[in-house]
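Written out below as structure tokens is the structure these notes cover.
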Amino acid sequence: MRRAYSVETVRAAEAALMQRLPEGALMQRAAAGLAVACGDLLRRNGRVYGSRVLLLVGSGANGGDALYAGARLARRGAGVRALLLAPCLLYTS
């Protein structure tokens with residue numbers, strides 16, 4: 001049986017952790033877990049090295065998680081590409 005948590009529950013847990021951890025640490029942890037899970041899936045279908053991975057990257061913090069996870073997979077030899085799903089806003093001063 002699979003369980004899911006509400007958005008409010010997850011955000012409250014994240015907020016509590018972000019108060020205690022250095023900036024960016026929670027994102028790095030999420031990315032590490034995602035990269036491990038993807039690596040496990042890729043190994044079941046062959047191997048990580050030489051596999052092709054497409055990241056579907058949103059504009060929020062989860063998009064950052066995906067990019068960091070993609071970087072970890074690329075260091076393990078996967079060919080990684082990222083598709084930005086939201087426009088990138090550039091600010092100039």
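The values are calculated or read from the model by the stated rules, or taken from the named source; none is laboratory data. Being a predicted model, the structure only gives us computed values, none of them experimental. All Cβ positions, even for glycine, are placed from backbone atoms using ideal geometry, and neighbour counts span all protein chains on display.
A few remarks follow.
- Which numbered condition Arg2 fails, given (1) at pLDDT 90 or above; (2) of a type in the set (Lys, Arg); (3) assigned to a loop (DSSP other than H, G, I, E, B): (1)
- Cβ-Cβ distances below 8 Å connect the following pairs, each with a first residue in the range 4-26 that is farther than 15 Å from Asn62 by Cβ, a second residue that is surrounded by 11 or more Cβ atoms within 10 Å (Cβ to Cβ) and of a type outside the set (S, T, N, Q), and a separation of six or more residues or different chains: Leu17/Leu26.
- Criterion (touching a strand residue (DSSP E or B) at 6+ places or on another chain (Cβ under 6 Å) and modelled with pLDDT under 90) met by exactly one of Gly63, Gly46, Gly24, Gly58: Gly63
- Qualifying positions in the range 4-22 - of a type in the set (Asp, Glu) and more than 18 Å from the chain's Cα centre (by Cα): Glu8
- The residue of the range 23-65 that is farthest from the chain's Cα centre (by Cα), among those that are surrounded by 12 or more Cβ atoms within 10 Å (Cβ to Cβ), among the polar types (S, T, N, Q) and within 22 Å of Gly77 (Cβ to Cβ), is Ser51.
- Of everything listed in (1) without any contact (Cβ under 8 Å) to a residue 24 or more places away in the chain; (2) among the basic types (Lys, Arg); (3) surrounded by 12 or more Cβ atoms within 10 Å (Cβ to Cβ), the single unmet condition for Arg76 is (1).
- Every residue from the range 35-72 that is among the polar types (S, T, N, Q) and within 23 Å of Leu84 (Cβ to Cβ): Ser51, Ser59, Asn62
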